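**Q** Before anything else, here's the structure in question.
The values are calculated or read from the model by the stated rules, or taken from the named source; none is laboratory data. The model shown is predicted, which means the values in this text are computed figures rather than measured ones. Quick reminder, even Gly has a Cβ in these numbers, built from the backbone with ideal geometry, and neighbours come from all protein chains shown. When the accessible area is computed, the model is the full protein with side chains, heavy atoms only, and any ligands, DNA or RNA have been set aside. Shrake-Rupley method; radii C 1.70, N 1.55, O 1.52, S 1.80 Å.
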Amino acid sequence: MNKKTLSETDIRSKFITPALCGEGGAGWDLMTQIREEAYFTKGRVIVRGKIVQRGEAKKADYLLYYKPNLPIAVIEAKDNNHVVGAGMQQALEYAEILDVPFAYSCNGDAFLEHDRTATSGTVTREIALDQFPSPEELWSRLCAAKGLTPPQVAITTQDYYYDGSNKSPRYYQLIAINRTVEAIARGEDRILLVMATGTGKTYTAFQIIWRLWKAGTKKRILFLVDRNILADQTKTNDFKPFGAAMTKIMNRTVDKAFEIYLCLYQAVTGTEEDKNIYKQFSPDFFDLIVVDECHRGSAADDATWRQVLEYFSSAAQIGLTATPKETKEVSNIEYFGEPIYTYSLRQGISDGFLAPYKVVRIGLDKDMLGWRPELGQVDKYGQLIEDREYNLKDYDRNLVLEKRTDLVAAKVTQFLRSTNRFAKTIIFCETTDHADRMRQAMVNANPDLAAANSKYVMRITGDDDEGKAQLDNFIDPEATYPVVACTSRLMSTGVDAQTCQLIVLDKRIGSMTEFKQIIGRGTRINEDYGKLFFTIMDFRGATTHFADPTFDGEPVQIYEPGPDDPPMPPIEPTPGGDSPEPPFPPDPGGEGPDRPRRYVVNNVPVSVAVERVQYLDENGRLITESLTNYTRKTLRTSYATLNDFLTVWNDAEKKQAVIEELVVKGVFLDELAEQVGRDYDAFDLICHVAFDAPPLTRKERADKVKKRDLFGKYGDQARAVLDALLQKYSDSGIASVESLEILKVDPLRTYGTPTEIINLFGGKSTYLAAIRELETALYQEAA
């Protein structure tokens, strides 16, 4: 056998797999310890105009496990025309991402090993094919490098919970779980995990608790949350396997017969007379406390959560958050220590586990320029309005411009009408009163749907029991109503709105923590319901937080429409408690000298003032130059000359593949067509913008082909098919010509089924040759 003639797949099946688990191999179990072509990311969701697709997912050729969910080695294979270490750089990259200690490269002759645990001595070495280490050898080396004792090893190897389904932890969840369990096994008692909203913190916490509980090292555990809905969701979903061992502390009653306690932190704190309810437990009652959304309380020295944690100071404590607080006054890190693991929003979007987003920025004239009342002007209730300059700091707190609210509702409605009127939408308002007025404005802007179902628009705030009762329906992907939720703060955290497609910001957000939490309401992906990305409409300039270095995930597009522009780019695809209200006087005479006023003005016109479109490049950086200049630079990084591009284009079996590759690289062809001309083919857009070649429209190219009479060798019906394909090209571009699906639509289907049409040409290979001939004719002239 000549190894040089074998493919990489042959090298894996004939040499690597037998070396691992074949007769005389290293003793790895093929079923439980080896995964081949192990995909560990989903592939980033790429939104480029009308195109929404996934990028390439990362996969390791081999991923080896000591036990299920305890990965220990990664192997990258190469064919025998490569040297033995040719795959090492890729293996190391994957090993670092996956937090795996041993990396290997193999070309069928031998293995090259890189020991990431080694701090001295031999780090890399070549190993004969029949000398690959066994699972026990690698595990022993890892434990020795980490200095784990036998009792600690027993904890770190405790099984995960497995219910027999196909659900398994994602790679970053495994890292968070395994690092935390190992840290607890070592005796560490203050641990911080930072995981972006939507990445499964509760499921991660469950597996940590399950393994420690089953190992017997933590027998009584308290899980603290800050919202009642979170406690209920946790009990019925992720924590359900704990069964009868679990209870939820309710009605300020304590039953010490359980092992797993779920608790709303307000249930063990509160007014002076009952806030010490948690002291019914002895200080050493709990072995482990896990604090969800720990940025909301435990970080501040005087916070009520902090008092609970300090009372149970002997327990190991784990803080979970997407947004750790780090200010001069408040610090999660000061209390818990540096995060043991961080999985950021940016990484989640890059891996394809979280949804990217577009941003529509709308600047209203009164927001940008401010407003000053005329001398002696009164509001709708007859109150004399204080003569001063009012701006965004005042609006919807001590000054209500009703027409401003109406305009925001109109813009949101316009956006929904142009995309999907039943897309789940959250409108974040300044106050609960503002949320109620926004609800009314949205009802008035959507009278048909509001009349069809009164729950089309709902106010969901902490002081509205009817609205809160609909929260479960809002987050349920299968429930149509409510569609639009108007809130202030209630839904800013802990609401798992998987199908939320539009987030509207009509409130000032000064806190980066709150901003990240709000953005997190839309970052979940639900492919079953077509939710792959979401849109943010910003009326208050809150998205300037994207420029903050502490923010870790940029939008894929930023659009600022002008007064007469649509609420979205023309290329858009179709696819705690609440803020307290400022005092509102019942009448002008009801105010004291120190009591703040709030004015309600209903006759001040408000309009859209800003028009600007911005995009992000493939690296997530905001493009500040013109789109044509940016496109020219981007294209010329791939093709130095027009001839270089023509060579690639002409050699491509499918032209659409070249187009899709450019889209992935960050070329905005749809957006470019909006500026240069919608009648141009992608080929002409590229040649014209990047290389100054004069473009031809698709119709002009199609007409040139028709004049040449190139298809006389085909029968009448076959020629008619090619003429119809030329017309499809003229109408919509090359993608329609290359797709066999086009044969199922008019007028092509009048010539028969796809199989019958292909047989008109003598078979599939002849049909595809005719298509290539047609493409050659279309692009025979570079311009």
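**Q** Using a 1.4 Å probe on the protein heavy atoms only, what accessible surface does S350 show? Give it in Å² to the nearest 10.
**A** 50 Å²
**Q** If packing is taken as the average number of other Cβ atoms within 10 Å across a peptide's residues, how do 716-729, 763-776 rank, most packed first?
**A** By packing density, highest mean first, the sequence is 716-729, 763-776.
**Q** Using helices alone, what [θ] at 222 nm do you get for the chain, with -39,500 (n - 2.57) per DSSP H run of 4 or more residues, divided over all residues and rounded to the nearest 500?
**A** Rounded to the nearest 500, it is -9500 deg cm²/dmol.
**Q** Further question: Whole-Hz Karplus ³J(HN,Hα) for the stretch 125-137, in order, using 6.51 cos²θ - 1.76 cosθ + 1.60 and θ = phi - 60°, x for Gly and Pro?
**A** 7, 9, 10, 5, 4, 8, 10, 4, x, 7, x, 5, 5
**Q** So if we plug the beta-carbon distance of Q656 and A452 into 1/(1 + (r/R0)^6) with R0 = 41 Å, what FRET efficiency do we get, rounded to 0.05?
**A** Taking R0 as 41 Å, the efficiency between Q656 and A452 is 0.50.
**Q** May I ask you to evaluate 6.51 cos²θ - 1.76 cosθ + 1.60, the Karplus curve with θ = phi - 60°, for each residue of the stretch 91-104 and list the ³J(HN,Hα) values in order in whole Hz, giving x for glycine and proline?
**A** These are the phi-based 3J(HN,Hα) values: 4, 5, 4, 5, 4, 5, 4, 8, 6, 9, x, 10, 10, 9 Hz.
**Q** Considering only protein heavy atoms and a 1.4 Å probe, what is the carbon-and-sulfur percentage of the accessible area of the chain?
**A** Solvent-exposed carbon and sulfur of the chain make up 47 percent of the total.
**Q** Order the following by accessible area, largest value first: C500, C21. Probe radius 1.4 Å; ligands, DNA and RNA are ignored.
**A** Solvent-accessible surface, decreasing: C21, C500.
**Q** Evaluate Rg over Rh across the chain, taking Cα atoms for both radii and Kirkwood's formula for Rh.
**A** 1.02
**Q** Out of all Cα-Cα pairs in the stretch 142-222, roughly what percent, to the nearest whole number, are more than 15 Å apart?
**A** Tail of P(r) above 15 Å: 58 percent of Cα pairs.
**Q** Follow-up. Return the percentage of antiparallel bridges among DSSP beta bridges fully within the chain, rounded to the nearest 5 %.
**A** Taking every DSSP beta bridge with both residues in the chain, the antiparallel ones total about 40 percent.
**Q** Per residue of the stretch 19-26, what does 6.51 cos²θ - 1.76 cosθ + 1.60 with θ = phi - 60° give for ³J(HN,Hα)? Whole Hz please, x for Gly and Pro, Karplus curve as stated.
**A** Whole-Hz 3J(HN,Hα) from phi for the stretch 19-26: 5, 7, 9, x, 4, x, x, 7.
**Q** Same structure, new question: By the gyration tensor of its Cα atoms, with a ≥ b ≥ c the square roots of the eigenvalues, what is the shape of the stretch 351-505: rounded for a/c under 1.5, prolate for a/b over b/c, or oblate?
**A** Prolate, because a/c is 1.5 or more and a/b exceeds b/c.
**Q** Starting from the amide H of K248, placed 1.01 Å from N in the peptide plane, find each other amide H under 5 Å away whose residue is 5 or more places distant or on another chain.
**A** The answer is L262.
**Q** Provide the net charge surrounding P101, with neighbours chosen by a C-beta distance below 14 Å and charges set as Lys +1, Arg +1, Asp -1, Glu -1.
**A** Surrounding charge for P101 is -2.
**Q** Then there's this: By the scheme Lys and Arg +1, Asp and Glu -1, what is the net charge of all other residues having a beta-carbon under 12 Å from that of I771?
**A** Its environment carries a net charge of +1.
**Q** Within 9 Å, Cβ to Cβ, of D159, how many net charges do the neighbouring residues add up to if Lys/Arg are +1 and Asp/Glu are -1?
**A** Counting the neighbours of D159, the net charge comes to +3.
**Q** Can you give me the long-range amide H partners of I46? Hydrogens built in the peptide plane at 1.01 Å from N, cutoff under 5 Å, separation of 5 or more residues or another chain.
**A** HN-HN under 5 Å from I46: Q53, R54, G55.
**Q** Rounded to the nearest 20 Debye, what is the dipole magnitude of the chain about its Cα centre when Lys and Arg each give +1 and Asp and Glu each give -1 at the C-beta?
**A** 720 debye
**Q** Where Rh is the Kirkwood radius over the Cα pairs of the stretch 424-551, the temperature 25 °C and the viscosity 0.890 mPa s, what D in µm²/s does Stokes-Einstein return?
**A** D, rounded to a whole number, is 166 µm²/s.
**Q** When all alpha-carbon pairs of the stretch 1-128 are counted, what percent fall beyond 21 Å?
**A** So the pairs more than 21 Å apart make up 43 percent of the total in the stretch 1-128.
**Q** In Å², what does the accessible area per residue of the chain work out to with a 1.4 Å probe?
**A** 43 Å²
**Q** Quick check: with the 1.4 Å probe, what order do T124, T631 take by accessible area, largest first?
**A** Reading off the accessible areas and sorting them downward yields T124, T631.
**Q** Can you give the Kirkwood hydrodynamic radius for the stretch 675-716, in Å, rounded to one decimal and based on Cα pairs?
**A** For the stretch 675-716, inverting the mean 1/r across all distinct Cα pairs yields 11.7 Å.
**Q** For the stretch 368-448, what are Rg and Dmax over the alpha carbons, in angstrom?
**A** When restricted to the Cα atoms of the stretch 368-448, Rg and Dmax are 14.9, 45 Å.
**Q** Could I ask something else about it? Based on the mean of other beta carbon atoms within 10 Å per residue, what is the order of 751-760, 311-320, most packed first?
**A** The densest-packed peptide leads the list: 311-320, 751-760.
**Q** Could I ask something else about it? What is the gain in length, in nm to one decimal, between D746 and T641 on full extension, counting 0.36 nm per residue of separation less the C-alpha to C-alpha distance?
**A** 33.9 nm
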